[in-house]
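One structure below.
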Amino acid sequence: MSSIPVRNPRTGEIDYWITPPKLSEECDRLRIAQPAWAESLEQRIRALQQWKQAIQNHREALLTALVADTGRFGVSVLEIDSVLSSLDRWCKLAPELLQEIEKPTAIPFIHLKQDSVPYPLVGVISPWNFPFLLAMIDTIPALLAGCAVIVKPSEIAPRFIQPLLKTLDEVPKLREIFTVIEGAGETGAALIEQVDLVCFTGSVKTGRIVAEAAAKQFIPAFLELGGKDPAIVLKSADLDLATSAILWGSVVNTGQSCLSIERIYVDQSIVEPFTEQLVSKAKQLKLAYPTVNSGEIGPMIAERQAAIISDQLQDAIDKGAIVQCGGKVENLAGGWWCYPTVLTNVNHSMKIMTEETFGAIMPIMPFTTVEEAVQLANDTIYGLSAAVFAGSETEALSVGDRIQAGAISINDAALTALIHEGEKNAFNYSGMGGSRMGSAALKRFMRKKAYLIKTQPVTDPWWFQ
C-alpha cells in the first residue's frame, strides 16, 4: 500500500506522509495479550495511571504534533488536559461500575450472580477535528472494561500518533493491548473486519457505511455522527449571557465540532438587540494568524471544508441572506480561514440552515411563538444536542423537553463538550448505540453473563406446582 500525503492546515504544504500498517499482525498481537489484561482491574488502573504520567512526560512533543495537525493552540492544550482528566475520572469510577452483582431471585432456592465479559478487541475510528481527545473518548473506558483497543485516527490529522506511541512505550503492559495506527478509509474498512466492536465518530455519510460493514460482521457499532445544533432564545432571556454563550458554542475550534451551535432562533421582539450584541462580540475575535497565538479563530483543518462553507454561504446570499459580519472564506499563506460570520434574513430553504456547516457561521432566524421555535429546531435530520435560553430554568426546560435531541444545554451552549456526566443518546441521524456519557460509556464494552445457581437440592418437579 502506497504512502498517503498529509496537508498542513496553516500552510497548505504537504509535510507528512502516512504509511498504513500491517493490520492483521497488529490485531493478532493485541488479541493474544487481551485475556491477561482482562484478569485484573487493579492492574488496568495502575497501567493507565502510569500512562497518564507518560503523557505528561511527552506533553510538549504531543502538543507540537497536535498544533501541526490542527493549526490551533488553545484547543490542543485543552485536548491533552481533557484526556488526562478523563483518565482520572474513569479510573475512579471503574471499580464501582464493574462490581459483580449477587442477589436472590423470585424463586427462593435460585441465586443470581451477574458478571460481565469484555469484548476482546475494540476498534476506534476517530475524526480530525479533535484528533487526540476523540481518539481517546471511547478508548479509555474500553481499556478499563478489559478490552484490547486499536485506534485509527483520521488521515487528515495523524501527526500526534508518533509521540502518542512513545508514551505507550513507557508502559509495556498497556503497549501489549493498545495501539494507534495510521491509515485512510481503506484501513478503517479493513479494521472493521478484524475487531469485535467498532466505535466511529464522523459524518452521517461515512457512519452509514460503517454501520453496514459492522452489520455484515455481526458486531456492535457505536456511532457519533453529525449535528446541526439549534439554539432557542426566548424573550425573557439574558441577552448578554445568551450572546456570549452562543458565540462560544458557535466558534470554539473554529466551529469544527459536531456540538457547535449552527442555527439560532430568537424571539421576534428581541432579535434586533440580540443581533447587535452578537455581531459586536463576534467582531472582537481575531484570526490565529500569522502566528498560532495571534487570535482565537484557527484555520480550517480539512481543506474540503472550506469549499463546503463557501458553497453554503453563497447559497444563503443568493437566496437573500444578509451578512452582518464576516461572510467570506479566504486563503492566507496556504491556509483556509473564515472570520466569525453572522447572517440574518435566513430561512430553511438555505443549506446554511439545514446542512452541517462545521464552521464559525451564526445564522439568526426570528420566531413569533414558542411552538414555531420548537418546530424549526426539530426541522432537521439531526438530533445531537441543542440549547435553550430563558429567564427561568423552568421556562427553558419546558422548551427543551420538546426538542428532539440527546443533550439540551439550559442557559448555556455546547455544555456536553465540557460536562461528561449524564447519559444521552443521539436522535435521528446524529448517531446510534449506547451513550458515551455516564456509566453506560464503560458498560457498553462488556457483554453480560448471568449465572443462575440452585442453592439447595429440590427433587420434586417444583416448576409444575
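The values are calculated or read from the model by the stated rules, or taken from the named source; none is laboratory data. Everything numeric in this text was worked out from a predicted model, so none of it was measured. Cβ coordinates were reconstructed from backbone atoms using ideal geometry, including for glycine residues, and neighbour counts include every protein chain displayed. For the accessible areas, the whole protein counts, side chains as well, though only heavy atoms, and no ligand, DNA or RNA atoms are used. Shrake-Rupley method; radii C 1.70, N 1.55, O 1.52, S 1.80 Å.
What is the ratio of the Cα radius of gyration of the stretch 36-195 to 2.2 N^0.38 Å, with N the residue count, to two decimals?
1.17
The slack in the chain from I419 to Q50, taken as 0.36 nm per residue of separation less the alpha-carbon distance, amounts to 130.4 nm.
Summing +1 for each Lys or Arg and -1 for each Asp or Glu among the other residues whose beta-carbon sits under 12 angstrom from that of S24 gives -1. Report, in degrees rounded to the nearest 10, the 0 to 90 angle that the Cα long axis of helix 204-217 makes with the longest principal axis of the chain. Orientation of helix 204-217: about 20 degrees from the principal axis. Calculated accessible area for the chain comes out at 43 Å² per residue, all protein chains present (probe 1.4 Å; ligands, DNA, RNA ignored). Between K166 and S40, full extension at 0.36 nm per residue minus the direct alpha carbon distance yields a gain of 42.9 nm.
Each principal axis of the Cα atoms in the stretch 142-248 has its own extent, and those three values, largest first, are 56, 37, 29 angstrom.
Overall, the anisotropy analysis places the stretch 364-409 in the oblate class: the square-rooted eigenvalues a ≥ b ≥ c of its C-alpha gyration tensor yield a/c not less than 1.5, with a/b not exceeding b/c.
With the helix formula -39500 (n - 2.57) applied to DSSP H stretches of n ≥ 4, the chain reaches a computed 222 nm mean residue ellipticity of -12000 deg cm²/dmol.
Taking all protein chains in place and a 1.4 Å probe, what share, in percent, of the accessible surface of the stretch 288-377 do carbon and sulfur account for? That fraction is 51 percent. Most simply put, the chain has about 40% antiparallel DSSP beta bridges, counting only bridges with both residues inside it.
Between N293 and V117, the FRET efficiency from the beta-carbon distance, with R0 = 45 Å, is close to 0.40.
For the stretch 338-456, the mean projected area of the C-alpha convex hull, equal to one quarter of the hull surface, is 11.5 nm².
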